[in-house]
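For reference, the structure discussed in these notes is given below.
The values are calculated or read from the model by the stated rules, or taken from the named source; none is laboratory data. Everything numeric here is computed off the predicted structure, so don't read it as measured data. As a convention, Cβ positions derive from the backbone with ideal geometry for all residues, glycine included, and neighbour counts pool all protein chains shown. Each accessible area value is taken on the protein alone, full model and side chains, heavy atoms only, with ligands, DNA and RNA left out. Shrake-Rupley method; radii C 1.70, N 1.55, O 1.52, S 1.80 Å.
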Amino acid sequence: DLGAYIDSSIGFAEHVTRLVKTCYFHIRQLRSIRRSLTIESSHALVRALVLTRLDYCNGLLGGAPKCLLSPLSGVLRAAARLILLLPRTSSVSDRTRTELHWLDIPSRVTFKLCVLAYRCLHGSAPAYLVRYFTPVSAIAGRSHLRSAASGLLSVPRTNTSTIGPRAFAISSPTAWNCLPVDLRDPGHSLLTFRRKLKTHLFNLSSF
């Protein structure tokens, strides 16, 4: 019902497989008419038919291994080649950054987790998500620590090293804590935070 496939092991392999299949279907359909489209119209169609699917529920993939994200990265590269009319085996790294301004898949997941963390800390997210975010400064006995002054969040401990870190209650605070101190400034508006966050992730990402 939510558009995401969740298996018993919370592995999301089925979700990624179905998502990749759907995205490639739309890319093939668009390829047949690409020569009749401008770069702006083809970009708009790819955003509507492919990128929205890649970004939908991608917060579920926080902490996922590279082998799970790799097929999604392949979809993103194929979509970029479609828009830019490049051969299927050509490199798209530089032009994807400079012309399309797209983040790679791991950075898109991090972007979603950090924006959700921002919204939770500023009270604009549902209560069932807000309860997973506890600033270090709000914990008795830890408010005097340096981490409390830098806007860090408490990250719950997990008993497993594979599935545990992928839980939203862990992956989102962890992604937030990895941001530079200036990005965690509570004075940023949502628009400013998103803009600065994308710039920061651009500097870290690679296709």
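Listing for the model above:
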{"quantity": "Residues satisfying the stated conditions in the range 89-132, i.e. of a type in the set (A, V, I, L, M), in a helix (DSSP H, G or I) and either over 24 Å from residue 70 (Cα atoms) or within 15 Å of the chain's Cα centre (by Cα) (or both)", "calculated": "105, 109, 113, 115, 116, 117, 121, 127, 129, 130"}
{"quantity": "Of all residues making up the range 1-42, the number that are open to solvent by 30 Å² or more (accessible area, probe 1.4 Å) and assigned to a helix (DSSP H, G or I)", "calculated": "17"}
{"quantity": "Residue check, residue 153 surrounded by fewer than 20 Cβ atoms within 10 Å (Cβ to Cβ), among the hydrophobic types (A, V, I, L, M, F, W, C), under 19 Å from residue 200 (Cβ atoms) and under 21 Å from the mean Cα position of the chain (by Cα)", "calculated": "no"}
{"quantity": "Qualifying positions in the range 1-30 - more than 17 Å from residue 61 (Cα to Cα) and modelled with pLDDT under 95", "calculated": "1"}
{"quantity": "Qualifying residue in the range 49-66 (condition: assigned to a helix (DSSP H, G or I) and farther than 30 Å from residue 179 by Cβ)", "calculated": "yes"}
{"quantity": "Any hit, the range 89-99, residues being more than 23 Å from residue 204 (Cβ to Cβ), acidic (Asp, Glu), free of Cβ contacts under 8 Å to residues at least 24 places away in the same chain and open to solvent by 40 Å² or more (accessible area, probe 1.4 Å)", "calculated": "no"}
{"quantity": "Filtered residue count, the range 165-207, keeping only those that are part of a helix (DSSP H, G or I) and either in contact with a Phe, Trp or Tyr (Cβ under 9 Å, 6 or more places away or on another chain) or surrounded by 16 or more Cβ atoms within 10 Å (Cβ to Cβ) (or both)", "calculated": "21"}
{"quantity": "Filtered residues of the range 161-200 (kept if in contact (Cβ under 8 Å) with a residue 24 or more places away in the chain and acidic (Asp, Glu))", "calculated": "185"}
